[in-house]
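To keep things clear, I will list the structure first and then write my remarks on it.
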Protein chains: 2
Amino acid sequence: MTTRARRPQRRNQVLSREQIIEAAVELLDAGGEGALTVRALVERLSTGSGAISYHVGKRDDLLDAATETVVTAALETKPGGVPATPADEIRTVALALFDAIADHPWLATRLTRQIVRNPVGPVTVGIFERIGRQVGALGVPRARWFDAASTLVHYILGAVGQNARIEGDPSGLDTEADREAFFDAASAAWEELAAEDYPFMHAIVGQMKDHDDREQFLTGIAVVLDGLTHLR
Amino acid sequence: MTTRARRPQRRNQVLSREQIIEAAVELLDAGGEGALTVRALVERLSTGSGAISYHVGKRDDLLDAATETVVTAALETKPGGVPATPADEIRTVALALFDAIADHPWLATRLTRQIVRNPVGPVTVGIFERIGRQVGALGVPRARWFDAASTLVHYILGAVGQNARIEGDPSGLDTEADREAFFDAASAAWEELAAEDYPFMHAIVGQMKDHDDREQFLTGIAVVLDGLTHLR
DNA sequence: ACCTGAACACCGTTCAAGT
DNA sequence: ACCTGAACACCGTTCAAGT
C-alpha cells in the first residue's frame, strides 16, 4: 500500500451516503421504522448527528433513499435472458416487489407513500414503465394503457402491502411458527363470530387457514390480467 | 334544571373516549398523522395527558380507534333500500372507502396497517364480510371465495391508498388547484424523461393529465370483477 | 468539504397525588 | 373512578466550532 499521498487537503471521507443508507436498511430490517433513529445510526456508524444530516438530509429523506435503494435493487433482479411473455414479465415484477416487502416489511408503508408523493422518482417511474410496457401486448387498446397499468400497480401494491407481516416487532423471531400462530388465532376468532351475522367469514375460515400468500397473490394477478384482456 | 343531585360521589365525567376520538380525527384531518400529539389533544380538550391515556391508552391505540370509528361510519352509509346487484354492492363498499380516504388522507396508511395486524377487528371483518358475501353470486365457486374476496380487497386497498393526496401537508389548501398543479408538474417531468428509455411513460402522459381518479377506480373494479367471473 | 457534539424544542408514557 | 401535571426518557434538527 502506498503511504505517500500528495497533499490530502481534505480529510479522508470516511462516511458516505451509501454507507448511511446501508446502515439504515439494516436498522429498519431489524426493528421496523421505529428502530431507525438518528442516534442508533450515529452509534452504529460512530459519527455525529450532523454528519448524517450532511449526507442524507432529514430522516424522512433517508427513509425515501432507503426505499429507493431497496426497490431499485429488487427491480433489477432479472437474471434469465429469456424474453418472457407479457404476463410473465408482469409476474416477475410483481413477485420482485412481493419478495422485497417480505424481506423488508417497513417497505410496505413507504412504497405507497413514495409512489403517491413522488410520481417523478425512479420508484414510481420504474414500476410503471416496466409494467406498462406489457399492457399493449396484452391486447389493451392504447387509449386504456394508463388505466390498465394503474389497475395492475394498484392491485400489486394493495396485495403486497397486506403481506407485510407484523412489522417492526422488536421481539425477534417473526418466523414461520409465529406466522402460523397468528393465522390460527385469527381463524379461531373468526369461528367465534356469530354465524348468522358473518356467514362469509364462517364459510372461508378453512380456506384462510391453509392458503399460501404467494399463490393467492399470483391468483390475483391472473384475475386482473384476465380482466384486462376484455378492456375496450 | 334540577340542581339537587344525590351524592355525586364520583366527579362528573367530563371527558369521554368518544370525545377524545372525535378531537383526534379533527387533528388528523387538519394536519395529518404528525398533527396528532398528546399535547395538542390535551390543549384542545383542556385536560391532562394522564386523562387521555386513561381513556384511550397509547397514541397508537387512539389511532386505531380513530380508524375504526371512521371506517365503520363509512361502511354504514347505506341509505337506499334497493337490493343492489352483487357488483353494485361491491362498488358501494369500494366507493365508501374511496371517499373516506379522500376525506381523511391519514386513513390510507392506517387502514392497511389495521387490516394486516388486526384481522379480528371490526374493520377487517366488516370489509371482508360485506364484500365476500357477493362473490358467490358473482359465480365464483365456493372453494375460491377467499381468493376472490382477497383479490377485491387488495385491489381496493391499493387503489384507494394511491388516491390519498398529499397527506398531512400543513400548508393548508390542498384543493383542486393544488391537485392540478401537482399533476401538471408530474406530467411535465414525465415528458422530460428520455423517450427511448421510457416509451410507456411518454405514451400515457396525455392520459394521465385528464384522467379522473374515481372513474379509473371504477374501471379497475370492473376489471377485477370481470376476471373473477372466470375464476374456477 | 466534511465532521463533531452540545443545545434546543419537541415527543409519548408513567405515576404519585388529588378529588 | 376519574383526572392532574410534573418528571422522565426519548426524539430529530440545527449550528457554531473544529479540521
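The table below lists the values:
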| item | result |
| --- | --- |
| Within the range A:118-141, tally of residues that are at the interface with chain B (Cβ under 7 Å from one of its Cβ atoms) and either over 26 Å from A:ASP29 (Cβ atoms) or not in a helix (DSSP H, G or I) (or both) | 6 |
| Flag for A:ARG39 being within 9 Å of DNA strand D (Cβ to nearest atom) and either surrounded by 14 or more Cβ atoms within 10 Å (Cβ to Cβ) or at pLDDT below 95 (or both) | no |
| Cβ-Cβ under 6 Å pairs, at least 6 apart or on other chains, the range B:221-232 side more than 7 Å from chain A (Cβ to nearest Cβ) and buried (at least 18 other Cβ atoms within 10 Å of the Cβ), far side of a type in the set (A, V, I, L, M) and in a helix (DSSP H, G or I) | B:ILE221/B:ALA94; B:LEU225/B:ALA87 |
| Test: residue in the range A:136-151 that is at pLDDT 95 or above, within 21 Å of the chain's Cα centre (by Cα) and not aliphatic (A, V, I, L, M) | yes |
| Conditions (1) modelled with pLDDT of 95 or more; (2) of a type in the set (Lys, Arg); (3) under 30 Å from A:GLU176 (Cα atoms): number failed by A:LYS78 | (1) |
| Count of residues meeting criterion [among the small types (Gly, Ala, Ser) and either closer than 20 Å to A:ASP103 by Cα or near DNA strand D (Cβ under 9 Å from one of its atoms) (or both)] in the range A:14-26 | 2 |
| Of all residues in the range A:42-61 being charged (D, E, K, R) and away from every other protein chain (no Cβ under 14 Å), the one that is nearest to DNA strand D (Cβ to nearest atom) | A:ASP61 |
| Selection within the range A:40-65 - more than 9 Å from DNA strand C (Cβ to nearest atom) and in a helix (DSSP H, G or I) | A:ALA40, A:LEU41, A:GLU43, A:ARG44, A:VAL56, A:ARG59, A:ASP60, A:ASP61, A:LEU62, A:LEU63, A:ASP64, A:ALA65 |
| Residue in the range B:104-117 that is within 16 Å of DNA strand D (Cβ to nearest atom) and within 14 Å of another protein chain (Cβ to nearest Cβ) present | no |
| Some residue of the range B:182-193 being surrounded by fewer than 18 Cβ atoms within 10 Å (Cβ to Cβ), among the hydrophobic types (A, V, I, L, M, F, W, C) and touching a residue at least 60 places away in the same chain (Cβ under 8 Å) | no |
| Criterion (away from DNA strand D (no atom under 16 Å from the Cβ), away from every other protein chain (no Cβ under 14 Å) and in contact with a His (Cβ under 7 Å, 6 or more places away or on another chain)) met by exactly one of B:ASP64, B:ASP29 | B:ASP29 |
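The values are calculated or read from the model by the stated rules, or taken from the named source; none is laboratory data. The structure presented is a predicted model; accordingly, all values stated were derived computationally and were not measured. As a convention, Cβ positions derive from the backbone with ideal geometry for all residues, glycine included, and neighbour counts pool all protein chains shown.
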